[in-house]
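Have a look at the structure below before the remarks.
The values are calculated or read from the model by the stated rules, or taken from the named source; none is laboratory data. All values reported here derive from a predicted model rather than from experimental measurement. Here Cβ is always computed from backbone atoms with ideal geometry, including for glycine, and neighbour counts include all displayed protein chains. Quick note on the areas: whole protein, heavy atoms, side chains included, nothing else; ligands and nucleic acids left out. Shrake-Rupley method; radii C 1.70, N 1.55, O 1.52, S 1.80 Å.
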Amino acid sequence: MKKVLFVCTGNTCRSPMAEAILKNNALSGVEVRSAGIYASDGQLASQHARDVLAEHQIVHQHSSNSLTIEHVDWATHILTMTNAHAVHIQQMYPQYSDKVHTLKGFVQQDVIYEDVIDPYGGLKSHYEATFKELNELIDRLTIKLNDE
């Protein structure tokens with residue numbers, strides 16, 4: 001069983017969208033969760049994130065989670081939205097460093113800029129751009145997970 005944990009800052013925009021997209025792909029043998037390094041537990045995904053997902057016919061019930069050792073221990077793949085997130089997790093949980101990667105770095109070779117666009121506080125069009133970026137990355141992730 002592969003267990004993918006997407007991590008961002010507040011767990012209200014990027015990581016819940018990534019979680020929803022991958023869950024929507026319904027891969028056999030893959031479980032998906034998300035968390036945020038500085039998340040407040042129990043928050044809904046941002047309104048724009050929910051709207052963009054709904055426009056793509058993706059239904060996702062989300063409640064934010066603060067990253068814990070239980071999340072890190074559970075996951076086989078910890079995929080972050082930024083390099084700073086990856087470094088933070090590796091510093092907090094060095095024993096799990098080998099399973100921590102940026103999402104872009106994990107699915108692309110020769111990545112120069114590893115951060116996924118952060119739409120937080122932006123216009124709906126920013127969330128749409130982030131969704132598009134995440135959707136393309138998760139298409140690559142799906143292929144990679146199926147090949148493992």
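Observations on the structure shown:
- Placed amide H near E31: partners under 5 Å, 5+ positions off or other chain: K2, K3, V4
- Among the listed pairs K23/K104; K3/K124; K3/K104, those whose Cα-Cα separation exceeds 25 Å are K3/K124.
- Whole-Hz couplings from phi, Karplus 6.51/-1.76/1.60, listed for the range 131-148; x for Gly and Pro: 4, 4, 4, 4, 4, 5, 5, 6, 4, 5, 5, 4, 4, 5, 5, 5, 7, 6
- Loop-exposed chymotrypsin sites (Phe, Trp or Tyr not before Pro) per DSSP, neighbour cap 13 Cβ within 10 angstrom, longest uninterrupted part of the chain: 39-112
- Phi-based couplings in Hz for the range 91-97 (Karplus 6.51, -1.76, 1.60; Gly and Pro marked x): 6, 6, 10, x, 5, 10, 4
- Computed per residue of the chain from DSSP H runs no shorter than four, each worth -39500 (n - 2.57), the mean residue ellipticity at 222 nm is -13000 deg cm²/dmol.
- Accessible-area composition of the chain, carbon plus sulfur, in percent [1.4 Å probe]: 48
- Rg/Rh, computed from the Cα trace of the chain with Rh as the Kirkwood radius, has the value 0.93.
- For the range 47-97, average projected area of the Cα convex hull in nm²: 4.7
- Sorted largest first by accessible area at a 1.4 angstrom probe radius, with every protein chain in place, the residues H56, H101 fall in the order H56, H101.
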